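> Sharing a structure with you now.
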Amino acid sequence: MIVVAGLSHRTAPIAVRERIALPKAEIPRVLTQFVARPAIGEAMLISTCNRVELIVAGKNGPASELSAVGRDAVEGLAALASGVRQHLYVHEGVDAVRHLFRVASSLDSLVLGEPQILGQVKDAFETARVAGTIGGCLHRTVPRAIRAAKRVRTETQLGAGQISVPSVAVDLARQIFGDFRGKTVVLLGSGEMAETVAKLLKTAGTRLLVVGRNEARVGVLAAAVGGEPRGWADLSAALTEADVVITSTSAPGFVVDYDTIHGLRRKRRGRSLFFIDLAVPRDIDPKVESLSEVFLYNIDDFERVVGETRQSRAREAQHAERVVVEEMAGWERWAESTQVTPVVVALRARFSRLLHAELDKSLKGRLKHLGDEDRAALAIMLDAALNKLLHAPTAHLRQVVTDKDFESYRVEQLMNAVAELFELDAEPVSVPSTPSRPAPAPAPDAEGAEPSRRRATGTNGE
Amino acid sequence: MEGIATAAFYLGAAAYAAAAVLFFLDLARREGSSAAAVVAPVALGVGATLHAAHVVTASLFSRICPVESLHFSLSLSALILAGMYLILRTRFRLQAVGAVVAPLALTFLIGAQFVGAEQHSITGVSRLLLILHITANLAGVGFFLLAGAAGAFYLVQERSLKEKRPTWLTAKLPPLDALDRTEHRLLLTGFPLLTLGVVTGGFFASRLGPAGGAELLRSALGYATWILLALVLVMRAAAGWRGRRSAYGTLAGVLCVTTVILLYVIKSTGASG
């Protein structure tokens, strides 16, 4: 079983997160240090701007003592940076697996459904694989988490749509223009949101014109957003050149009216024009919308698109949680089958040892006249008989542990009964402790709060 | 030879069908990239190659010049449509348009089977001129169908943006500007071919003498298409008519072209029946 230890946007402010954030090149070395610790046998590290999480398994694989593994993980993480210990959380066993599945599926992200986390989990797994710190437990668990995340992406709309006004504005502009290179953006007025949109479009390769009445303020704003300052007298020329117009002035009336845009149509030669009106009261006359190839979105329009997307994401989160539970069931079957393996191995070892001891006795006594070929044939025959003998009980045991109606404690009783009946305790194989079954899916909320039990190591934990 | 032609036909149809399904799956995908996006154009390319093989082998087997038979002409126009799309998609973001092109290619390939493969024979008309006439018209039809698909997608995308109800489906459509540019370039390429078709068609009409009602309707629609598309191009150059108006004009032209093709098919089916 595995343990997840770390901190995220839920437990640590950015000032703490940035202290522990690791450069990608450092991660293999850190992973090697972790697996050198007494209890940790496998490790991978997810390090993003919103979380640093260590996923580890014990040196004894499924049979490891999880609390010891968790302690080692916390000590290792606390040693990476000062002042992080009280922000760390630890998930063990099934809770850890569920947490990992939810993280990969973007159900634990700051922005539900954001697409980057899946790639980050894949990268973390690959980095650990190359560093040689992935073993049986993580190899069986992390790919399942990735599969769950892929299902969430393909079977739900959790990642569909945009989620903030600036990102909505830029995505809509992209739906109109596609490639921003060579396009001209005009910024009228200042305002945090307007400047963010302008900066995003500027970064995407547009030419940015900042137009205003106050020359000094226009100069400062243009320098801040990387645009070219223009006076108010140049507004008409700027609108002729513009592909996107972002407005956020404090003017009491319309700054751009219908007649102005209608009058510019011939000069603009039918090019599309996208107005992003973020001002209240509005800067753009709503009548301009009736002109062909003119698109006007005001703050209410943007908020509605954002709101619809958020509602849709909250609904989709429930669907995504169901996908996680389904995928967890697959992992659970594997986890429970690991209980059977040591019993089956011990059973086979005991029977084999007894049968071969009897054969050896006979070969030294009444059958000592047999040649090497006959002796080898007898050994093969014994093994074949052993396989046939153990096939039915092995299959039955495996079926029982994967039967969802068969309670965990009954699985443990059955294993103990088999061990006692055939005196398997003498065999040199350990039987792992029973993993608890996953709890039913938590009721997801818009915040995507961690639903499962979680043990915080510090006072600021949940 | 017949066996190869038949096999190429069935395999080509299967590849077109697979491409249509994959393009549709890619269009229906909500987000991110999928294997369908990569495999769909490959399937369309395979379909077009097999289609070409079918046309070549079948026409050799039946000893009919492909452009002199309505059966092969219809088939060829689909081939041109698919080929042009595959070339254009390397330059423009037109993945979604494939969801129209692949089913159209499949429909034309299969639809052509129901039309007689008899050769056109017009007495007193140069065979070379006839081939030129049909080839120009076929290529023009291929271009216009693709331009029509781009125009239709433009209108869907534009409506969604104007109504301020962008959805995950419209977010997957190509950007408005890309659709508009593609449509314009296809019209610019197809228009000279259509002009050649109209001029040579007029020449044939003058040689053949009085025409029946169906021929007159067909000719009228051909001229209407030519005028409509000329108008779209002229107004765009002179008055900056782009986007919605250009898309409506193109779709009207495509409607006329489709009607002309249907009239040919009906006539041919009636003649062979």
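The values are calculated or read from the model by the stated rules, or taken from the named source; none is laboratory data. In this text the structure is predicted, and so the values were computed from the model without any measurement. Cβ atoms come from the backbone with ideal geometry, glycine included; neighbour counts cover every protein chain shown.
> I'm trying to understand the selection: among the residues of the stretch A:195-243, which are of a type in the set (S, T, N, Q) and in contact (Cβ under 8 Å) with a residue 24 or more places away in the chain?
A:196, A:206, A:236, A:240
> Here's something else I'd like to know. Quick check on my filter: what residues within the stretch B:1-19 are surrounded by fewer than 15 Cβ atoms within 10 Å (Cβ to Cβ) and either among the hydroxyl-bearing types (Ser, Thr, Tyr) or in contact (Cβ under 8 Å) with a residue 60 or more places away in the chain (or both)?
Matches in the stretch B:1-19: B:1, B:6, B:10.
> Name the single residue that is modelled with the lowest pLDDT among those in the stretch A:160-212 being hydrophobic (A, V, I, L, M, F, W, C) and touching a Ser or Thr at 6+ places or on another chain (Cβ under 6 Å).
A:163
> A further question on this structure: May I ask you to verify whether residue B:185 is within 14 Å of chain A (Cβ to nearest Cβ), under 15 Å from residue B:250 (Cα atoms) and assigned to a helix (DSSP H, G or I)?
Answer is no for this residue.
> Yes or no: residue B:207 away from every other protein chain (no Cβ under 14 Å), buried (at least 18 other Cβ atoms within 10 Å of the Cβ) and basic (Lys, Arg)?
Criteria not met by residue B:207.
> Given the conditions (1) more than 14 Å from chain A (Cβ to nearest Cβ); (2) over 26 Å from residue B:112 (Cα atoms); (3) of a type outside the set (Lys, Arg); (4) in contact (Cβ under 8 Å) with a residue 40 or more places away in the chain, and given that residue B:230 satisfies all but one, which numbered condition is not satisfied?
So residue B:230 meets the others, but not (4).
> Let me ask something else about it. If we scan the stretch B:161-173, do we find a residue that is farther than 23 Å from residue B:105 by Cβ and away from chain A (no Cβ under 14 Å)?
no
> State whether the residues of the stretch A:161-171 include one that is of a type in the set (S, T, N, Q) and touching a strand residue (DSSP E or B) at 6+ places or on another chain (Cβ under 8 Å).
no
> Looking only at the stretch A:124-159, count how many residues are of a type in the set (Asp, Glu) and touching a residue at least 12 places away in the same chain (Cβ under 8 Å).
Within the stretch A:124-159, residues that are of a type in the set (Asp, Glu) and touching a residue at least 12 places away in the same chain (Cβ under 8 Å) number 1.
> So which of A:67, A:105 is surrounded by fewer than 23 Cβ atoms within 10 Å (Cβ to Cβ) and either closer than 30 Å to residue A:307 by Cβ or polar (S, T, N, Q) (or both)?
Among A:67, A:105, only A:67 is surrounded by fewer than 23 Cβ atoms within 10 Å (Cβ to Cβ) and either closer than 30 Å to residue A:307 by Cβ or polar (S, T, N, Q) (or both).
> Let me ask something additional. Check residue B:210 against each of (1) modelled with pLDDT under 80; (2) assigned to a helix (DSSP H, G or I) and name the one condition it does not meet.
Looking at each condition in turn, residue B:210 falls short on (2).
> Within the stretch A:57-82, track down each residue that is outside any helix (DSSP H, G or I) and over 20 Å from residue A:10 (Cα atoms).
Result: A:57, A:58, A:59, A:60, A:64, A:65.
> Could you check the stretch A:1-56 and list, in sequence order, the residues that are out of contact with any helix residue (DSSP H, G or I) (no Cβ under 6 Å at 6 or more places or on another chain), within 26 Å of residue A:331 (Cα to Cα) and in a helix (DSSP H, G or I)?
Of everything in the stretch A:1-56, just one residue is out of contact with any helix residue (DSSP H, G or I) (no Cβ under 6 Å at 6 or more places or on another chain), within 26 Å of residue A:331 (Cα to Cα) and in a helix (DSSP H, G or I), namely A:35.
> Also: Mind checking whether some residue in the stretch B:224-231 is modelled with pLDDT under 85 and either over 17 Å from residue B:138 (Cβ atoms) or within 21 Å of the chain's Cα centre (by Cα) (or both)?
No, there is no match, as no residue in the stretch B:224-231 is modelled with pLDDT under 85 and either over 17 Å from residue B:138 (Cβ atoms) or within 21 Å of the chain's Cα centre (by Cα) (or both).
> Further question: Being of a type outside the set (Lys, Arg), at the interface with chain A (Cβ under 10 Å from one of its Cβ atoms) and within 25 Å of residue A:301 (Cβ to Cβ) narrows it down to one of B:155, B:179, so name that one.
B:179 is the lone residue from the list that is of a type outside the set (Lys, Arg), at the interface with chain A (Cβ under 10 Å from one of its Cβ atoms) and within 25 Å of residue A:301 (Cβ to Cβ).
> May I pose another question? Pick out the one residue from A:75, A:114 that is surrounded by fewer than 24 Cβ atoms within 10 Å (Cβ to Cβ) and in contact (Cβ under 8 Å) with a residue 40 or more places away in the chain.
Of A:75, A:114, the one residue that is surrounded by fewer than 24 Cβ atoms within 10 Å (Cβ to Cβ) and in contact (Cβ under 8 Å) with a residue 40 or more places away in the chain is A:114.
> Considering only residues that are within 15 Å of residue A:152 (Cα to Cα) and either within 14 Å of chain B (Cβ to nearest Cβ) or touching a Gly at 6+ places or on another chain (Cβ under 8 Å) (or both), which ones fall in the stretch A:285-314?
Selection gives A:312, A:313.
> Separate question: Within the stretch A:381-416, count every residue that is at pLDDT 85 or above and small (Gly, Ala, Ser).
Total meeting the criteria: 3.
> If you check B:155, B:130, B:161, B:145, which single one turns out to be at pLDDT below 80 and either part of a helix (DSSP H, G or I) or touching an Asp or Glu at 6+ places or on another chain (Cβ under 8 Å) (or both)?
Criteria check complete, one pass: B:130.
> If the requirement is being over 14 Å from the mean Cα position of the chain (by Cα) and hydrophobic (A, V, I, L, M, F, W, C), which of these qualifies: A:128, A:148?
Unique residue meeting the criteria: A:128.
> Which residue, of B:197, B:190, B:212, B:201, is free of Cβ contacts under 8 Å to residues at least 60 places away in the same chain, more than 14 Å from every other protein chain (Cβ to nearest Cβ) and over 30 Å from residue A:176 (Cβ atoms)?
B:212
> May I ask you to list the residues in the stretch A:153-169 that are surrounded by fewer than 21 Cβ atoms within 10 Å (Cβ to Cβ) and outside any loop (DSSP other than H, G, I, E, B)?
Answer for the stretch A:153-169, where residues must be surrounded by fewer than 21 Cβ atoms within 10 Å (Cβ to Cβ) and outside any loop (DSSP other than H, G, I, E, B): A:154, A:155, A:167.
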